[in-house]
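So the structure is just underneath, and the comments pick up after that.
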Amino acid sequence: MPSVPPPESISLAPASAADDAAVRVATDSFLTLHYRLSGPAGTVIDTFDGKPATLSMGAGELSPAVEQRLVGLAEGTRARFELPAGEAFGERNPEMQQWVARSLLDQLGDPAEQYQPGDVVQFPTPDGQGSYAGAVQEANADAVRFDFNHPLAGQPVTFEVHVIGVL
C-alpha cells in the first residue's frame, strides 16, 4: 500500500483575496475530509489511504477538541495539530474498565468466541440504535474485562487533516 505523506502544518501567512473567498468550516458544516489520528503507539484512524470521511460538525462524530481545530479552515487546507494529553479524548477513566459476564457475551454474540487481550468487541447501545466498542484486557472462565475508554484517552494526539469539501 503506498504511503501518503503527512499533511503540512497550517501556515500563518497573511490571507490573500482568494483565501477570503474560500469556503470555511463552521460549527454546523457538513465536511468531506481525509484525517489521521495518532498517539504515541501509532495511528488509530487513517482515511488518507482510502475513501475520505464525511461528517457533520457538532454531531459528535469527532471530539469537541478535534472539531474546534477544524473551525475556520478553508476548503483545500492541509493541517497538522498536536493536542496535549487528555485534551482530544479526555483522561483515562478506571471506571470504564468493566467485567462482563460470559453469559451476557454469549447472548450478544457467538458462545464459542475466544476473547484475547487486544481484541475489540462491538456492543449494542441499550436502545439498539448504535454501538460502542470495548478492548479486551483479560479473560477467565466466567467473565471478560473490557476497557471502554477511547484508545487515545489520556494520551497526546496528533490530528492531521485535508479538508476536501465544505457545505
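The values are calculated or read from the model by the stated rules, or taken from the named source; none is laboratory data. Everything quoted here is computed from the prediction, not taken from an experiment. Cβ coordinates were reconstructed from backbone atoms using ideal geometry, including for glycine residues, and neighbour counts include every protein chain displayed. Side chains included, ligands, DNA and RNA excluded: accessible areas come from the protein's heavy atoms. Shrake-Rupley method; radii C 1.70, N 1.55, O 1.52, S 1.80 Å.
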>> Being assigned to a helix (DSSP H, G or I) and either open to solvent by 80 Å² or more (accessible area, probe 1.4 Å) or touching a helix residue (DSSP H, G or I) at 6+ places or on another chain (Cβ under 8 Å) (or both) is true for just one of Gln98, Gln107. Which residue is that?
In response: Gln107
> Among the numbered criteria (1) among the aliphatic types (A, V, I, L, M); (2) under 21 Å from Pro151 (Cβ atoms); (3) at pLDDT 95 or above, which single criterion is violated by Val44?
Replying inline: (3)
> Here are some residues: Arg92, Arg78. Which one is at pLDDT 95 or above, over 24 Å from Phe148 (Cβ atoms) and open to solvent by 90 Å² or more (accessible area, probe 1.4 Å)?
Replying inline: Arg78
>> Looking for something of a type outside the set (Phe, Trp, Tyr), outside any loop (DSSP other than H, G, I, E, B) and under 14 Å from Ala26 (Cα atoms) - is there at least one such residue anywhere in segment 71-84?
In response: yes
> What residue, among those in segment 42-67 that are more than 14 Å from the chain's Cα centre (by Cα) and free of Cβ contacts under 8 Å to residues at least 12 places away in the same chain, is most open to solvent (accessible area, probe 1.4 Å)?
Replying inline: Lys51
> Just a yes or no: is a residue in segment 70-87 among the charged types (D, E, K, R) and farther than 18 Å from Arg36 by Cα?
Replying inline: no
> How many residues, within segment 19-70, are among the acidic types (Asp, Glu) and in a loop (DSSP other than H, G, I, E, B)?
Replying inline: 3
> Would segment 127-138 turn up any residue that is open to solvent by 70 Å² or more (accessible area, probe 1.4 Å), closer than 22 Å to Ala153 by Cα, outside any helix (DSSP H, G or I) and not polar (S, T, N, Q)?
Replying inline: yes
> Quick one: Val161 ticks every box in (1) in contact (Cβ under 8 Å) with a residue 60 or more places away in the chain; (2) out of contact with any Phe, Trp or Tyr (no Cβ under 7 Å at 6 or more places or on another chain) bar one, so which box is it?
Replying inline: (2)
> In the set Phe146, Phe159, which member is under 19 Å from Gly42 (Cα atoms), assigned to a strand (DSSP E or B), open to solvent by less than 30 Å² (accessible area, probe 1.4 Å) and at pLDDT 95 or above?
Replying inline: Phe159
> Within segment 23-41, restricting attention to residues that are of a type in the set (Val, Ile, Thr) and touching a strand residue (DSSP E or B) at 6+ places or on another chain (Cβ under 7 Å), which residue is most open to solvent (accessible area, probe 1.4 Å)?
Replying inline: Val23
